[in-house]
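Input: a single structure, listed below in structure tokens.
The values are calculated or read from the model by the stated rules, or taken from the named source; none is laboratory data. Please read these numbers as outputs of a predicted model, since none were measured by experiment. Note: ideal-geometry Cβ built from the backbone for every residue, glycine included; neighbour counts use all protein chains shown. Please note that ligands, DNA and RNA were not included when accessible areas were found on the heavy atoms of the full protein model with its side chains. Shrake-Rupley method; radii C 1.70, N 1.55, O 1.52, S 1.80 Å.
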Amino acid sequence: MTTQDFNGGSISYTFNIKYVNETDIKVKVDGDPLTYNNNPSSGEYKVVGNVLTLGTTAAAGTGNVYIYRETDIDPAAVTYEAGSSIRADDLNDNQKQVLYKLEELTGSFVSTTTTAPSGPVNGDLWWNPEDGNLYVY
């Protein structure tokens, strides 16, 4: 799950969207995006665990609080240095980061073809089994 809708009229919302960084969680109230801030005021929010807290109470409404994830993959969650140890948690965080971004892609996935799909749109992916590359249109 990468999105959830909530009814307005509250300041805190418990969500169940997995994420790597708190700043990957985004929110819109009545269609307007808010800004992430650890000490939110009006027009801002913060995330602690699986609770999103707004700077001010959202206006009452049905499904007008939209919480979603936008995973940033640049830079990688963890960067490795030559000669340093590699921790399982770091490997897992990098893997989650890429997995979550793939979940968010809206383009279609073409499993195998040596050329771009006919009529591609931005974000379409295709795998070329001859050269072993994944391409993004």
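Structural remarks
- Strands (runs of 3 or more DSSP E) lying entirely in the stretch 1-95 (those with 2 or more residues that are in contact with a Lys or Arg (Cβ under 6 Å, 6 or more places away or on another chain) and among the hydroxyl-bearing types (Ser, Thr, Tyr)): 65-69
- Residues in the stretch 5-54 that are open to solvent by less than 60 Å² (accessible area, probe 1.4 Å), touching a residue at least 40 places away in the same chain (Cβ under 8 Å) and farther than 19 Å from Asp72 by Cα: Phe6, Gly8, Gly9, Ser10, Ser12, Tyr13, Phe15, Thr53, Leu54.
- Scanning the stretch 15-50 for residues that are polar (S, T, N, Q) and under 15 Å from Arg69 (Cβ atoms) turns up Asn16, Asn21, Thr23, Asn50.
Listed here are the residues, each with its yes/no results for (1) hydroxyl-bearing (Ser, Thr, Tyr); (2) out of contact with any Asp or Glu (no Cβ under 9 Å at 6 or more places or on another chain).
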site: Tyr13; (1), (2): yes, yes
site: Asn21; (1), (2): no, no
site: Gly31; (1), (2): no, yes
site: Asn37; (1), (2): no, no
site: Pro40; (1), (2): no, yes
site: Gly61; (1), (2): no, no
site: Ile67; (1), (2): no, no
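- Candidates Thr113, Thr71, Thr79: the one that is open to solvent by 70 Å² or more (accessible area, probe 1.4 Å) and either among the β-branched types (Val, Ile, Thr) or at pLDDT 90 or above (or both) is Thr79.
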